[in-house]
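See structure below.
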Amino acid sequence: MKQIDCQQCGTAVLVEKFSIPHTSVQWVSDAATSCPRFAEATADARDSVCGTTALSCSSLSQSIDDAVRDGRLPIKSRVEPVIGDALVADAL
Amino acid sequence: MSIDMTEVTDSEQFDEVRLIDAGSNPTRFARGWHCLGRSKDFRDGKPHTVKVFGTKVVIWADTKGKLNVLDAFCRHMGGDLSKGEIKGDEISCPFHDWRWGGDGKCKDVPYAQRVPLRARTAAWETMEVNGLLFVWNDPQGNPPPADVTIPEIPGFGTSEWSDWSWNTFLVEGSNCREIVDNVVDMAHFFYVHYQMPQYFKNIFEGHVAAQHMRSTGRDDIHTGVQLDMPDSETISDAAYYGPSFMLDTVYTVAGDTTVETKLVNCHYPISQDSFVLMFGTTVHTIDGVTQEQADGMAEMFTEGVETQFKQDVEIWKHKTRIENPLLTAEDGPVYQLRRWYEQFFVDVEDITEDMVARFEFEVDTTKALETWKVEVAENVAKGIVPEQDPTKAKA
Ligand code: FES
Ligand SMILES: [Fe+2]
């Protein structure tokens, strides 16, 4: 997974892409407080679907799309499932 | 950008046989709220026996209607309290009439001068939400945290919603992790449940594991879940709240008709090798839909879901437990789901950040849909209708 910083708020997340439609995002900070959009949505009890903070953050999605376009985020064709702590420890 | 395709075509290079690691079942039962069924089913004035968490419990309603859950084995001489009688607020043991209160304390031994010291048995904290009974299980014995709860369905219990249509299955020979795994299993919705997932995303965060799916039916086979609405689309936002209770909001959309259904998919472990699977449906009564019509739809939906669950059960009956599934990019985040699930099996102090941090995974369904459309079209052309009920398939 590769670190991507949100252009809007600077929050660092780990991202993996297997294809254009596929996206995997591992948050390494508390999503509800580190993402201002989520924080706002949580405060208003808005956007919360099924008790998670929100479906996605549009600023972060945009940052990921930009990273793919600039070639900073490679699209992988092989799945290497990483388990547990290693996931967070490796990338940061 | 380009995708390096050489990476995916190199399977010939690996001639080593992959081995299945079957692992072993957990040694404890999950911490969390577990639904034991509809509360009204326990309010018939009789004590009820439920096998759960490796033991047997008694459930009864006291004079105020509060449902109590105690270990069924009487601490006196081991009598089965669930075969006893409700006397006032207490449950009386059929063996020597010791009276036990909902708090787990022995209140009276009618033939003795006093109740002995330490006359206390295991009691489970209960909660009722949406007409369902929940018990809190915690191997460490802590009370439930206030923020770990089950969401209420707004307006439930009024004429806005049909009654729960409720079903129970006994699954033997499988650990309940099998059903939890389904949360991320995009492809099984086509093969096992005859649906076409168009969009599929999982989000895990805290004690919640969500599945957002947009799907359509198949032209070669129709299921009750489509509610007999031709060309319907299903919008499903579901989540596990804790280890065993999933609440799913389903909108079935066809033309300008939209039907909202709440689907519960929950289970409780009997042992590490068997569990009770329950599901219930309630339909939102909308303008132009009478209560009876809503009940009828709930019934049809339930039948469709029942067939689906039977198909899952048929798979579990014959499969092996597998710790090291071999995955493609289309498979969904099985490992991350299990990492999330692990939080319920460790002491609260040992929950690590990675078990509860937000994780999002959006599956690419492009290739799957291409393949499935061809398969369905071929079936339609040949007049093949896949067999829906696995129990019938064998007969
Ligand atoms: S065993 Fe229950 S009263 Fe004796
Ligand atoms: Fe399933």
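The values are calculated or read from the model by the stated rules, or taken from the named source; none is laboratory data. Bear in mind the structure is a predicted one, so any value in this text is a computation, not a measurement. Using ideal geometry, Cβ is built from the backbone for each residue, glycine included, and neighbour counts are taken over all protein chains shown. Note: areas computed on protein heavy atoms with side chains; ligands, DNA, RNA excluded. Shrake-Rupley method; radii C 1.70, N 1.55, O 1.52, S 1.80 Å.
With contacts defined as alpha carbon pairs under 8 Å and 6 or more residues apart, what's the relative contact order of chain B in percent? Please report the intermediate quantities before stating the final value.
On the way: 781 pairs, mean separation 70.9, N = 395.
This gives 18 percent for chain B.
Once every DSSP H run of n ≥ 4 in chain B is given -39500 (n - 2.57) and the sum is divided by its residues, what mean residue ellipticity at 222 nm do you get, rounded to the nearest 500 deg cm²/dmol? List each step's numbers first, then the result.
Working: 7 runs with 72 residues, N = 395.
Value at 222 nm, helices only: -5500 deg cm²/dmol.
With every protein chain present, what accessible area does A:D70 have (1.4 Å probe, heavy atoms only), rounded to the nearest 10 Å²?
100 Å²
Given H placed on each backbone N at 1.01 Å, which residues far from B:T121 in sequence or on other chains put an amide H within less than 5 Å of it?
Placed amide hydrogens put B:K105, B:C106 under 5 Å from B:T121.
What fraction of the Cα pairs in segment B:22-176, stated in percent, has a spacing above 24 angstrom?
Numbers: 4844 of 11935 pairs.
So the pairs more than 24 Å apart make up 41 percent of the total in segment B:22-176.
Provide the buried accessible surface between chains A and B in square angstrom, both chains summed, 1.4 Å probe, rounded to the nearest 100.
Numbers: alone 5810 and 19520 Å², together 22550 Å².
Summing both sides, the interface buries roughly 2800 Å².
Hey, any idea what % of chain B's accessible area is carbon plus sulfur with a 1.4 Å probe?
Details: 9400 of 18150 Å².
Within chain B, the accessible surface is 52 percent carbon and sulfur.
Quick one: Debye curve from the alpha-carbon atoms of chain B only, equal weights, vacuum; give me log10 I(q)/I(0) at q = 0.06, 0.11, 0.12 Å⁻¹ to two decimals.
-0.28, -0.89, -1.03
Tally Lys/Arg at +1 and Asp/Glu at -1 over every other residue whose Cβ is under 13 Å from the Cβ of B:D97; what's the total?
Working: positive: B:K83, B:K87, B:R99, B:K107; negative: B:E85, B:E90, B:D108.
So the environment of B:D97 carries a net charge of +1.
Can you give the accessible area per residue of chain B, in Å², using a 1.4 Å probe?
Working: 18150 Å² over 395 residues.
Averaged over the residues of chain B, the accessible area is 46 Å².
Over segment B:234-388, what per residue volume does the convex hull of the Cα atoms give, in whole Å³?
On the way: hull volume 29.1 nm³, N = 155.
That works out to 188 Å³ per residue.
With just the Cα atoms defining each centre, how far is segment B:308-368 from segment B:178-251? Give it in Å.
15 Å
Report, in degrees rounded to the nearest 10, the 0 to 90 angle that the Cα long axis of helix B:291-318 makes with the longest principal axis of chain B.
80 degrees
Assuming 0.36 nm per residue, please report the length gained on full extension of the stretch B:E160 to B:D147 beyond their Cα-Cα distance. Before the final figure, lay out the partial values.
Numbers: separation 13, 0.36 × 13 = 4.68 nm, distance 2.71 nm.
So the chain would gain 2.0 nm between B:E160 and B:D147.
List the relative contact order of segment B:262-395 as a percent without decimals, with contacts defined as Cα pairs under 8 Å and 6+ residues apart. Don't skip to the answer; put the middle values down first.
Numbers: 74 pairs, mean separation 23.2, N = 134.
Averaging sequence separation for qualifying contacts and normalising by length gives 17 percent for segment B:262-395.
Against the empirical 2.2 N^0.38 Å scaling, what ratio does the C-alpha Rg of segment B:316-361 come to? Don't jump to the answer; show the numbers that get you there.
Numbers: Rg = 12.9 Å, N = 46, 2.2 N^0.38 = 9.4 Å.
With N residues counted in segment B:316-361, Rg over 2.2 N^0.38 Å equals 1.36.
Quick check: residue separation of B:K64 and B:K382 times 0.36 nm, minus the Cα distance between them. What number comes out in nm? Before the final figure, lay out each step's value.
Details: separation 318, 0.36 × 318 = 114.48 nm, distance 6.21 nm.
Fully extending the segment from B:K64 to B:K382 adds 108.3 nm.
In segment B:44-168, if the dipole is taken from +1 on Lys/Arg beta carbons and -1 on Asp/Glu beta carbons about the Cα centre, which of B:P145, B:H76, B:G157 is farthest to the positive end?
Comparing the listed Cα positions along the dipole, B:H76 ranks first.
Kindly report, to the nearest 10 Å², the accessible surface of B:T352 as traced by a 1.4 Å probe over protein heavy atoms only.
Solvent-accessible area, nearest 10 Å²: 50 Å².
Going by Cβ distance under 4.7 Å, what cysteines of the protein assembly as shown have no possible disulfide partner?
Taking the Cβ cut-off of 4.7 Å, the unpaired cysteines of the protein assembly as shown are A:C6, A:C9, A:C35, A:C50, A:C57, B:C106, B:C176.
Provide, in order from the shortest bin, the percent of all Cα-Cα pairs of segment B:166-261 in each 5 Å bin, continuing until the bin that contains the maximum pair distance.
In order of increasing distance, the bins hold 3, 12, 21, 23, 20, 14, 6, 2, 0 percent.
With the contact rule set at Cα under 8 Å and sequence spacing of 6 or more, what percent relative contact order holds for segment B:176-311?
Numbers: 257 pairs, mean separation 25.0, N = 136.
About 18 percent, as a whole number.
Top to bottom by accessible area (1.4 Å), largest first, where do A:S56, A:S63 land? Please list the in-between numbers first.
Values: A:S56 55, A:S63 5 Å².
Greatest to least solvent exposure: A:S56, A:S63.
Please turn the phi angles of segment B:135-148 into ³J(HN,Hα) values with the Karplus equation 6.51 cos²θ - 1.76 cosθ + 1.60 (θ = phi - 60°), one per residue in order, whole Hz, x for glycine and proline.
Residue by residue, segment B:135-148 yields 10, 8, 10, 8, x, 8, x, 7, x, x, x, 4, 8, 9 Hz.
Note down the Stokes-Einstein diffusion coefficient of the protein assembly as shown in µm²/s, whole number, using a Kirkwood radius over alpha carbon pairs, 4 °C, and 1.567 mPa s.
Values: Rh = 24.7 Å.
Once the numbers are plugged in, D ends up at 52 µm²/s.
Measuring from label point to label point, each 7 Å out along Cα→Cβ, what is the B:E370 to A:I75 span in nm?
If labels sit at B:E370 and A:I75, their model points lie 1.2 nm apart.
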